[in-house]
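The values are calculated or read from the model by the stated rules, or taken from the named source; none is laboratory data. Everything numeric in this text was worked out from a predicted model, so none of it was measured. For neighbour counting, all protein chains shown are included, and Cβ atoms are generated from backbone atoms with ideal geometry for every residue, glycine included. Ligands, DNA and RNA are stripped out before the accessible areas are found, and what is left, the full protein with its side chains, is counted by its heavy atoms. Shrake-Rupley method; radii C 1.70, N 1.55, O 1.52, S 1.80 Å.
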Amino acid sequence: MDETDISFFKDGFRLDGRRADQLRPVKIEVGVLARADGSCYIEMGGNKVIAAVYGPREVHPRHLQEVTRAIVRYRYNMASFSVEERKRPGPDRRSYELSKVSREALEPVILTTYFPRSVIDVFVEVLQADAGTRTAGINAAAVALADAGIPMKSMISSCAAGKVADTIVLDPMKEEDNFGQADLPIAMTPGGEITLMQMDGGLTREEFHQAVEMAMKGARDIYEIQRNALVDKYSQLEAPAEEVKACE
Ligand code: CDP
């Protein structure tokens, strides 16, 4: 099957009923794992992803230590049952690439110099995949880092735009990603500083600008959801007893 065998639009709407510039539903839960220092569960459409953050903690093996800053490790892993055809367990070229670019998307906002000789470990497990797992993973990881109390300059939010049937669309789902003409994931700070940009396929210069604009708008909307999820969790926490007493 290729792009010509698939009809991506019906009456102006996409296969899942969305408009071209519409995100899939996003749901974020903060602090879902008791053993991790910070964690987050995210659903972005059909993607279900969990992120766990550990650290800052001592680096093992020790020769990886950096004297002036913490190192950040990011492991993206796709569960065997997360895709239609069973994925062979263990790392592969794709997961190495996604781990690298995702780490690079987050590292610029983490204040690593506060924690020399330490490591911050980020684990991302994809439980169900439906295209856009790297963006979902980065969104979950950024929230999990905040949940772990890691000092950051800002949040990071990630979203992709794609091209199907000569139309630029936001947040492509699997059929659009696999059989479309282009895919352009980005990650950025709320201020619009881009920390990840990749592109598969081909876009004209004009389409490229349109896709970047659209992905940035999607990332801004995701930022609001990340922020609300963190505010929800932390506004529910009661102040410690001594603090309450001090205020009385
Ligand atoms: O997930 P993301 O879009 O970040 O990365 P991709 O390499 O463009 O993969 C797109 C989608 O293809 C994934 O989200 C999965 O739904 C699917 N896929 C798969 O079915 N089996 C794989 N071994 C890898 C990807």
Hand me the GluC sites (Glu not before Pro) from the stretch 165-241 located in a DSSP loop with no more than 14 other Cβ atoms within 10 Å, in residue order please.
Glu193, Glu238
With a ≥ b ≥ c from the Cα gyration tensor eigenvalues, square-rooted, and the rule rounded for a/c under 1.5, otherwise prolate when a/b > b/c and oblate otherwise, the stretch 122-185 is oblate
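Leaving ligands and nucleic acids out of the surface, order Thr189, Thr204 by accessible area at 1.4 Å, largest first.
Working: Thr189 15, Thr204 75 Å².
I get Thr204, Thr189, largest accessible area first.
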Return the Cα extents of the stretch 84-231 along principal axes one, two and three, sorted largest first, each rounded to a whole Å.
48, 38, 25
Kindly provide the trypsin sites (Lys or Arg not before Pro) of the stretch 51-95 that DSSP labels as loop, not H, G, I, E or B, and whose Cβ sees at most 11 other Cβ atoms within 10 Å.
Arg86
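Report the net charge of residues surrounding Thr113, where surrounding means a beta-carbon distance below 13 angstrom and charges are Lys +1, Arg +1, Asp -1, Glu -1.
Details: positive: Arg69, Arg117, Lys153; negative: Glu66, Glu107.
Its environment carries a net charge of +1.
Could you provide, to the nearest whole Å², the per residue accessible area of the chain with probe 1.4 Å?
Details: 13000 Å² over 248 residues.
Accessible surface, normalised per residue, equals 52 Å².
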Additional length obtainable on full extension of the chain from Thr167 to Arg88, 0.36 nm per residue less Cα span:
25.1 nm
Please state, to two decimals, what the Cα-based radius of gyration of the stretch 102-149 comes to when divided by 2.2 N^0.38 Å (N = residues).
1.25
With bins of 10 Å, the percent of all Cα-Cα pairs of the stretch 10-140 per bin from 0 is 12, 36, 32, 14, 4, 1
Between Glu213 and Lys153, with labels modelled 7 Å along Cα→Cβ, what's the label distance in nm to one decimal, could you check?
2.7
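Could you give the semi-axes, largest first, of the ellipsoid that matches the chain, computed as the square roots of 5 times the alpha carbon gyration tensor eigenvalues and rounded to whole Å? Each step should come with its number before you reach the end.
Values: eigenvalues 221, 87, 59 Å².
So the equivalent ellipsoid measures 33, 21, 17 Å along its semi-axes.
As an exercise, identify the GluC sites (Glu not before Pro) in the stretch 45-135 lying in DSSP coil whose Cβ has no more than 16 other Cβ atoms within 10 Å.
Numbers: sites: Glu58, Glu66, Glu84, Glu85, Glu97, Glu104, Glu125; in loops: Glu66, Glu84, Glu85.
Those that pass, being in a loop and sparsely packed, are Glu66, Glu84, Glu85.
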First measure r as the distance between the Cβ atoms of Arg69 and Glu104, then evaluate 1/(1 + (r/R0)^6) with R0 = 22 Å and state the FRET efficiency to the nearest 0.05.
0.90
Starting from the Cα coordinates of the stretch 1-73, work out the convex hull volume and express it per residue in Å³.
193
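Beyond 24 Å between alpha-carbons counts as too far, so tell me which of Lys100/Lys153; Lys48/Lys100; Lys48/Lys153; Lys100/Lys233; Lys163/Lys217 fall in that bin. Before the final figure, lay out each step's value.
Working: Lys100/Lys153 20 Å; Lys48/Lys100 20 Å; Lys48/Lys153 27 Å; Lys100/Lys233 29 Å; Lys163/Lys217 16 Å.
Over 24 Å Cα-Cα: Lys48/Lys153; Lys100/Lys233.
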Centre separation in Å (Cα based) which lies between the stretch 51-97 and the stretch 202-237:
24
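Considering only DSSP beta bridges with both partners in the stretch 16-247, what is the antiparallel share in %, to the nearest 5?
On the way: 38 of 46 bridges.
Counting DSSP beta bridges with both partners in the stretch 16-247, the antiparallel share is about 85 percent.
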